[in-house]
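For reference, the structure discussed in these notes is given below.
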Amino acid sequence: MELYTPILVLGAIAAAFAVGSVGIALVIGPRRFNRAKVMAYECGIEPAPQDAGSGRFPIKFYLVAMSFIIFDIEIVFLYPWAVAFDSLGLFGVIAVALFIFNVSVAYAYEWRRGGLNWD
């Protein structure tokens, strides 16, 4: 149990800091509410009323997010593999080959949908 004590102490400190920060902000923070503060955040632009389902988001927004996820996760998983390459042996090579295949499928899908064309 003594191995987990530092982790529990750090978790307790983090929780106390989070709760304390919110509590202090509620106590000493300004309370000037206006129309803009109670509305949903829209980058400072007044939101225009729309019917439900009337406006469609371009797929480009989702493809940019997907490309970030694809390449970010690829780097996060390939870096430790490159560091421990010698000790993994054939299993590590096969696992990374399957991983790169899966990433390539997502990359090909995004390429086909036009997510890499910056017009």
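Computed extension gain for PHE71 through ALA84, at 0.36 nm per residue and net of the alpha carbon distance, reaches 2.6 nm. Stretching the chain fully between PHE99 and VAL64 yields a gain of 10.5 nm (0.36 nm per residue, less the alpha carbon separation). Once the chain from VAL19 to TYR4 is taken as fully extended at 0.36 nm per residue, the excess over their C-alpha distance is 3.2 nm.
Quick note: the coordinates plus some simple rules give every number you see, no bench work behind them. Values in this document were obtained by computation on a predicted structure and should not be read as measured data.
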